[in-house]
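Report on one structure; see the data block that follows.
What follows draws every value from the coordinates through simple rules; no lab data is involved. Being a predicted model, the structure only gives us computed values, none of them experimental. As a convention, Cβ positions derive from the backbone with ideal geometry for all residues, glycine included, and neighbour counts pool all protein chains shown.
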Amino acid sequence: MDFDRTGIILYTLEYKKCVDFYENILGLKKMFEGENLTCFEFGHAYLMVELDDAYNGQKTGMERTKTCLRMNVPNVKMYAEKLTRKNIKVDYHEHSWGTIAKFYDPDGNLCAFKDSEKFEEQIADIKRMDQSKLNR
C-alpha cells in the first residue's frame, strides 16, 4: 500500500498546552492550524495535535484513545472498501475539510485514512497566507 504522507494524531484534553509544548519547547515547525487542531512537521511525517472533543468524562486516562496512526491516500473510499472486504470494520465519513475512514488494528490501536488532496490544500492555504503577509 502506498501512502502520500503519514502522521500521528495526538488527541489531547490540554490542547493549548500541548501546542505550546510542541511548538515552543520542542521547536516543531507548524504546517497549518484549524479549529482545535494544529499540524506540525514531524520528520518525514506530521504530528497533528487535536482537542479530544469526543471525551465525555466517562473513561479513565488509560481507556481514552489518545493517538491515531494516519495514512494519507489518494482515494479513501477505495482503501476503506478494501478493508471492509477483509472483514475490517471501517467508520467512513465525508466532511467539508476532507474524507476519513477510521479503523482499529488487532491490538485496538486507532488508525485512519485521510484524503491527500484536502490535506495538501490545508498546507497550501497556510503557505499562501504566509506569502501574502510577506508581500504587504
**OP:** Report relative contact order for the chain in percent, whole number only (criteria: Cα-Cα under 8 Å, sequence separation at least 6).
**Re:** 24 percent
**OP:** Treat each spin label as a single point 7 Å out from the Cα along the C-beta direction, and report the R136 to E63 distance in nm.
**Re:** 4.8 nm
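Once you charge only the Cβ atoms, +1 for Lys and Arg and -1 for Asp and Glu, what is the size of the charge dipole of the chain about its Cα centre, to the nearest 20 debye? If you can, show how the numbers build up before the last one.
Numbers: 21 positive and 23 negative charges, 19 e Å.
Charge dipole of the chain: 80 debye, to the nearest 20.
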Subject >> Helical mean residue ellipticity (222 nm; -39500 (n - 2.57) per DSSP H run of 4+; nearest 500) of the chain >> reply: -8000 deg cm²/dmol
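Compute the length gained on full extension between D4 and D20: take 0.36 nm times their separation in residues and subtract their Cα-Cα distance, giving the result in nm to one decimal. List each step's numbers first, then the result.
Numbers: separation 16, 0.36 × 16 = 5.76 nm, distance 2.77 nm.
Separation in residues times 0.36 nm, less the Cα-Cα distance, equals 3.0 nm.
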Original post:
Nearest 0.05, what FRET efficiency do R128 and K86 give at R0 = 35 Å with Cβ-Cβ as r?
Top reply: 0.30
Original post:
lysines within cross-link reach of K77: Cα-Cα under 16 Å, excluding same-chain residues under 8 positions apart?
Top reply: K86, K89, K102, K114, K118
Original post:
Which of the following values of semi-axes √(5λ) of the Cα gyration tensor in Å was calculated from the structure shown: (i) 36, 24, 10; (ii) 28, 21, 13; (iii) 26, 21, 12?
Top reply: (iii)
Subject >> From phi via Karplus (6.51, -1.76, 1.60), per-residue ³J(HN,Hα) for segment 89-97 in Hz, x at Gly/Pro >> reply: 6, 10, 9, 9, 9, 10, 10, 5, 8
